Amino acid sequence: MGRGEHETYIDRNQSGCIGIYHTDAERMFHYYVKPQATGNRTDVRWMEFGGLRQGEGLSFRSDKVFQFCVIPFTDSNVDKATHINKLERTGIINVHLDAEQSGVGTATCGPGVLPPYRVPVEKHTFEFMICPLK
């Protein structure tokens with residue numbers, strides 16, 4: 001449960017309504033011409049990640065809102081790909097859980113990330129629970 005049903009970032013989340021959404025890793029990944037981090041969801045209260053068999057999976061919960069994304073590629077694959085046709089499918093799905101994440105700004109046609117949407121470089125603590133779904 002969080003903001004969706006499209007990707008949201010702390011400085012771009014007003015269009016995302018709080019709700020319960022059902023999707024998969026493939027639909028969460030936006031195919032930018034130059035692959036990059038994508039699919040983030042903000043103001044998340046809980047998230048469930050289902051397995052291949054009915055009724056199996058994991059539940060992620062925290063006492064604070066958090067952010068997450070699920071992508072159908074490894075981070076190193078996304079980082080080294082110079083174009084979307086360079087992405088390689090390995091069957092690995094990456095799940096990112098974040099206490100906070102900086103905004104994305106509009107540096108291509110405007111300012112970068114504005115100060116209220118930056119995350120200072122300092123120690124952060126984020127507690128969450130991972131529980132099996134059965």
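The values are calculated or read from the model by the stated rules, or taken from the named source; none is laboratory data. Predicted, not measured: the structure shown is a model, and the values here were computed from it. Counting neighbours? That spans all protein chains shown, and the Cβs are built from the backbone with ideal geometry, glycine included. Please note that ligands, DNA and RNA were not included when accessible areas were found on the heavy atoms of the full protein model with its side chains. Shrake-Rupley method; radii C 1.70, N 1.55, O 1.52, S 1.80 Å.
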Could you please let me know if Gly39 is at positive phi and open to solvent by less than 20 Å² (accessible area, probe 1.4 Å)?
yes
From Arg89, Arg41, residue being without any contact (Cβ under 8 Å) to a residue 24 or more places away in the chain and either within 14 Å of Ala25 (Cβ to Cβ) or basic (Lys, Arg) (or both):
Arg89
Matching residues in the stretch 42-64 - criterion: being open to solvent by less than 70 Å² (accessible area, probe 1.4 Å) and over 19 Å from Gly91 (Cα atoms)
Thr42, Asp43, Val44, Trp46, Met47, Gly55, Ser59, Phe60, Ser62
Would you mention how many residues in the stretch 100-122 are open to solvent by 100 Å² or more (accessible area, probe 1.4 Å) and outside any loop (DSSP other than H, G, I, E, B)?
1
Which one of Lys64, Lys134 is modelled with pLDDT under 90 and either under 22 Å from Cys17 (Cα atoms) or of a type in the set (D, E, K, R) (or both)?
Lys134
Select, from Gln54, Gln36, the only residue that is in a loop (DSSP other than H, G, I, E, B) and farther than 24 Å from Ser15 by Cα.
Gln54
When you scan the stretch 65-95, how many residues do you find that are in a strand (DSSP E or B) and either hydrophobic (A, V, I, L, M, F, W, C) or loosely packed, with under 12 Cβ neighbours inside 10 Å (or both)?
7
Quick one: which residue in Glu7, Glu26 is open to solvent by less than 90 Å² (accessible area, probe 1.4 Å), among the charged types (D, E, K, R) and part of a loop (DSSP other than H, G, I, E, B)?
Glu7
Checked pairs for the stretch 104-125, first farther than 18 Å from Gln14 by Cα, second open to solvent by 80 Å² or more (accessible area, probe 1.4 Å) and part of a loop (DSSP other than H, G, I, E, B), C-beta under 9 Å and 6 or more apart or across chains, list as Val119/Glu100; His124/Glu100
Counted residues in the stretch 2-45 being at pLDDT below 95, closer than 19 Å to Asp98 by Cα and among the aliphatic types (A, V, I, L, M) come to 4
